[in-house]
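Accompanying notes for the structure given below.
The values are calculated or read from the model by the stated rules, or taken from the named source; none is laboratory data. As the structure is a prediction and not an experimental result, all values here were calculated from the model. Cβ: placed from backbone, ideal geometry, glycine included. Neighbour counts: every protein chain shown. Ligands, DNA and RNA are stripped out before the accessible areas are found, and what is left, the full protein with its side chains, is counted by its heavy atoms. Shrake-Rupley method; radii C 1.70, N 1.55, O 1.52, S 1.80 Å.
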Amino acid sequence: MTYPRTHAAGRRGGTPSRSGGRSTAAVRVPPRRGPAGRRAVLAVLWAGLLLAVLPWWWQTPDDSLRTTTATLTAAGRIAGLVAGYLLLVQVLLMSRLPVLERRLGGEQIARWHRDIGVTLLVAVLAHVSLVLTGYARLQRQSVLVEAGVLLRDYEDMLGAFVAAGILTLLGFTGIRAIRTALPYELWHHLHLSGYLVLLLGFGHQFAHGQQLFRPGPVRTGWIVAYLLVAAALLGGRVVVPLRLNLRHGLRVADVVAENPDTISVYLTGRRLNLLDLRGGQYLRWRFLTAGRWWQAHPFSPSAAGNGRWVRLTVKVVGRHTAGLRDLTPGTRVWAEGPAGVFTAAHRTRGRSLLIAGGSGITPIRALLEELPPGAALIYRARTPADVLLHQELDWFAETYDTDVWYVIGSRDDPGPRRMLSPQGLRQLVPDLADRDVWLCGPPGLVTSTVRALRQAGVPRRQIHLATFEL
Ligand SMILES: Cc1cc2nc3c(=O)[nH]c(=O)nc-3n(C[C@H](O)[C@H](O)[C@H](O)COP(=O)(O)OP(=O)(O)OC[C@H]3O[C@@H](n4cnc5c(N)ncnc54)[C@H](O)[C@@H]3O)c2cc1C
């Protein structure tokens, strides 16, 4: 098998140095997609929220809200309906349904999941406290005594309290400082208890929900919504990956050291021409060896789909990535995806500027294959030895009319900082405000570069981010 490691060596190094060519090879540029997909998903989610609350509106006569007690209970019931709906949305977002993963992208989904998670927690706590206070006032007893009565007398109420407790715990683990302090796998497994919340919530909603316990169209509608979400979960997590992996039977073909802390893993499989992989997308990878099969890690292939092989270029940062060095040819691989909107199909302009920091070059390198010629690439690395895939980048410079700038130096070096300032960027790429900008790198670099780009006049909608964080 031949891999693309033998392209003619080009120029490299310096602070910054530039490669540029003028011959243009044929490029496979995909048609544009535009933001309609994201808007459609948002519209459906808002319409669903309206539908979830509407039955309360229909079934509650105006004159039933005259007392404070009735108003508190009613507000609690609305919060309960909102919470029930948001819980379904949360699970749907995590279903990995291809239509969502390709229209929204993992990073957008993760952002929505975090934001909706906070709203869900507020809705659940509001539901519990408002309904409890309302009932306690009605019975003229304390909230604590009323909570005891509910737990004793109502079937499924214990489950509902446990679900609220789990959600509160998950809410806390979502706080950034706590999340980053926990090992990723522990955080991930804690989050799987979200499915338990769905099960417990199901019983509670249908046993006690004022709008749901009676048979009728509203109850049927909610049951259908639950079934659809369960089907999405089964489809996205089981059926689609099973189909992909049975079709391609991916295996490790080779592991190659790119530098002391980065490797490339080459994979082969059957009928890879049917793998619908766009440059810049990622998949979740499971390497089926004794100690690793239970962990799925996201990596973006560092070359666009080519029908013959897939390559992951991985920086060793922890236990899992360090272990990938020991993979042997023939190891079976399980993949889920491809996902993500960091693709040429999501461009908004004719020309592009790509900015990569460190291992952030992987999706950028793949994206270069599918963007229209005339792109510019700024590649930030600490030392010349940290520059990955440089021969291929120089080949792009020669063949795809791409200007490649290597900006080398440590984080505190004034030179590279100046190059990535609004003035520095404008000097390197004078028409940058008219380009899409594709940015992937460590969080610090991404944040400061987005600020510089905005100051240099690049509209937000033209800035595309891959942050390596889900
Ligand atoms: C969409 C996406 C694409 C990526 N593409 C690449 C790539 O092409 N090349 C590359 O070198 N790195 C890539 N990464 C980063 C890579 O996934 C992590 O570096 C790797 O999972 C770290 O695992 P570890 O056990 O070695 O390190 P750890 O020290 O355990 O983890 C380091 C950090 O990686 C993240 N992480 C760990 N495990 C997971 C997981 N199972 N799922 C999601 N995030 C996790 C966490 O934020 C964690 O804090 C990508 C990440 C994302 C989200």
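General remarks:
- Selected residue (criterion: modelled with the highest pLDDT) from residues of the range 393-406 that are open to solvent by 10 Å² or more (accessible area, probe 1.4 Å) and assigned to a helix (DSSP H, G or I): Trp395
- Verdict on Phe202 being modelled with pLDDT under 95 and open to solvent by 70 Å² or more (accessible area, probe 1.4 Å): yes
- Search result, residues across the range 297-325 that are open to solvent by 30 Å² or more (accessible area, probe 1.4 Å), in contact with a strand residue (DSSP E or B) (Cβ under 8 Å, 6 or more places away or on another chain) and more than 21 Å from Gly441 (Cα to Cα): Arg308, Arg325
- Residue match in the range 242-259 (condition: within 13 Å of the ligand (Cβ to nearest atom) and either on the phi > 0 side of the Ramachandran plot or of a type outside the set (A, V, I, L, M) (or both)): yes
- Taking the criterion of being exposed (fewer than 13 other Cβ atoms within 10 Å of the Cβ) and more than 16 Å from the ligand (Cβ to nearest atom), the residues of the range 177-199 that qualify are Tyr195, Leu199.
- Residue match in the range 147-155 (condition: in a loop (DSSP other than H, G, I, E, B), over 30 Å from Thr343 (Cα atoms) and of a type in the set (Gly, Ala, Ser)): no
- Verdict on Thr313 being of a type in the set (Val, Ile, Thr) and more than 10 Å from the ligand (Cβ to nearest atom): no
- Among the residues of the range 167-182, not a single one is among the aromatic types (Phe, Trp, Tyr), touching a residue at least 12 places away in the same chain (Cβ under 8 Å) and over 20 Å from Tyr85 (Cβ atoms).
- Among all positions in the range 252-264, there is at least one residue which is open to solvent by less than 10 Å² (accessible area, probe 1.4 Å) and more than 25 Å from Glu469 (Cβ to Cβ).
- Residues (β-branched (Val, Ile, Thr) and in contact (Cβ under 8 Å) with a residue 40 or more places away in the chain) located in the range 377-422: Ile378, Val387, Thr399, Thr402, Val404, Val407, Ile408
- Residues located in the range 335-378, provided they are within 13 Å of the ligand (Cβ to nearest atom), open to solvent by 20 Å² or more (accessible area, probe 1.4 Å) and in a strand (DSSP E or B): Glu336, Gly337
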